[in-house]
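Just so you know, all these numbers are worked out from the coordinates, no wet-lab data involved. Please read these numbers as outputs of a predicted model, since none were measured by experiment. Here Cβ is always computed from backbone atoms with ideal geometry, including for glycine, and neighbour counts include all displayed protein chains.
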């Protein structure tokens, strides 16, 4: 089980308090679809994904990105039991959505990059380390129920 | 691997990079975010905290050296395997570095660029850079046996 120190939890929470979930969520998902184009296969119903600007402006991408990042907010409130917190979502992504768990790690890395672009001052090496640990742990929790 | 436009975009962004600082910051952040990587740098002295690592002159110097070779790679994007052949052998035969660490350093470099360039680091630029760092990591792993 991943253990987060008090300092790591505080760092994550302090940056999270400044995050605009719709902006960061939408941008993270959009960047995933642009940087790793094969991920678009999971979003065939989202309409126009034909260019970077189309993806960045796509309302369904923004809405879904916000939904995904909101669940990250839930993770931050339950950092001591991520596997429990993500159990249902893990089963969903395996049994219904058939998403390769590697994509969770890729999306986690996108979130870090978006945070870095938006929060250059706050995104110190320690902040990066805390968030990298969190995104890795969430990715593992989402993969945990795969069979 | 990269289109002409992607090469031009990568080159023009990299021309604005302060090579002296970015290399040290990328290597420093690697050592902080993935602490096991410190094992390769035991002779570097004080790595006992994030501040110590980021301020460590040997980390800065080595980071600059690494980024200089990355810059050289940018001039040979059509033959990264050739460009990094000797460094690949060195990292395998003498330094014994797990090639996964090249991918990690590449990802840390992308984060450093994102932090420094903010919104200028567009998704398209990120996609191009990700291709480059992945290509360099693969080239560095290519001679492993």
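Side notes on the structure shown:
- Computed [θ] at 222 nm, helices only, for chain B once each DSSP H run of length n ≥ 4 contributes -39500 (n - 2.57): -20500 deg cm²/dmol
- For the peptide A:117-129, the mean number of other protein chain Cβ atoms found within 10 angstrom of a residue's Cβ is 6.
- Over all orientations, chain B has a Cα convex hull whose mean projected area works out to 8.2 square nanometres.
- Residue exposure sequence - B:71, B:92 - by fewest surrounding Cβ within 10 Å: B:71, B:92
- Relative contact order of chain B, pairs being alpha-carbon contacts under 8 Å that are 6 or more residues apart, as %: 33
- In chain A, helices alone account for a calculated mean residue ellipticity at 222 nm of -20500 deg cm²/dmol, with every DSSP H run of four or more residues adding -39,500 (n - 2.57).
- On the principal axes of its alpha-carbon atoms, chain A has extents of 43, 39, 19 Å, going from largest to smallest.
- Peptides A:60-69, A:46-55 ordered by packing proxy, namely the average of other Cβ atoms within 10 Å per residue, highest first: A:60-69, A:46-55.
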